[in-house]
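Remarks on the structure that follows.
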Amino acid sequence: MRKLFEQEYVKIEKSLFLVAIGYLRNTEDAKDAVQEAVVCAYRSFGNLKHKEYFKTWITRIVINKCKDFLKKRKYTTELNDNLNSFYDMPTEDFEIMEAICGLDSKTALYITLRFYNDMTYEEMSKVVKLPVSTVKYKTAGALKKLRKIMEGDEV
């Protein structure tokens, strides 16, 4: 059981961190939130009935931990000079992550789930608990806002 959890977690570790950073906008807080989520998920992994939903399930746990983190702190800080915490990200990815961090956390979530977690709209729908059509609409809107930020326009 432990080995299966580790194998599945290693596949999506980076994308979970990106979801957390989209919410919390601070690398240290994001690391803490992911760590708490992984501990929580590991403890209840045996209760997961459908192992094929691991990615959706643990992503939802990360989101919930981020929300808890925000409630406890009651503030969100901007991404600071800790950008080097993004593992060994290429320069163009830094620019994209800075742009994503320029979005509000709910909007950034759609970008990170779709493009950094490679989730389908159906999987995203389960994570955010909204209809697929709403998820598609919000993802398109998030992309439009991201494009404006990348082009240097106001959002």
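Readers should treat all values here as calculations from the given coordinates under stated rules, not as data from a laboratory. Nothing here was measured: the structure is a model prediction, and the numbers come from that model. With ideal geometry, Cβ positions are generated from the backbone for all residues, glycine too; neighbour counts draw on all protein chains shown.
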Exercise. Could I have the simple spin-label model distance between Ser133 and Ser44, label points 7 Å from Cα toward Cβ, reported in nm to one decimal?
Key: 3.1 nm
Exercise. With no solvent and one equal point scatterer per Cα, compute the Debye intensity ratio I(q)/I(0) for the range 11-73 at 0.19, 0.22, 0.23, 0.28 Å⁻¹ and report its log10, rounded to two decimals.
Key: -0.63, -0.82, -0.88, -1.19
Quiz item: Under a Cβ-Cβ cut-off of 15 Å, what is the net charge of the residues other than Met1 that fall near it, where Lys and Arg count +1 and Asp and Glu count -1?
Solution: +3
Quiz item: Sorted from fewest to most neighbouring beta carbons within 10 Å, what does the list Asp68, Asp32 look like?
Solution: Asp68, Asp32
Exercise. Report the calculated FRET efficiency for Asp32 and Val10 (r = Cβ-Cβ distance, R0 = 22 Å), to the nearest 0.05.
Key: 0.65
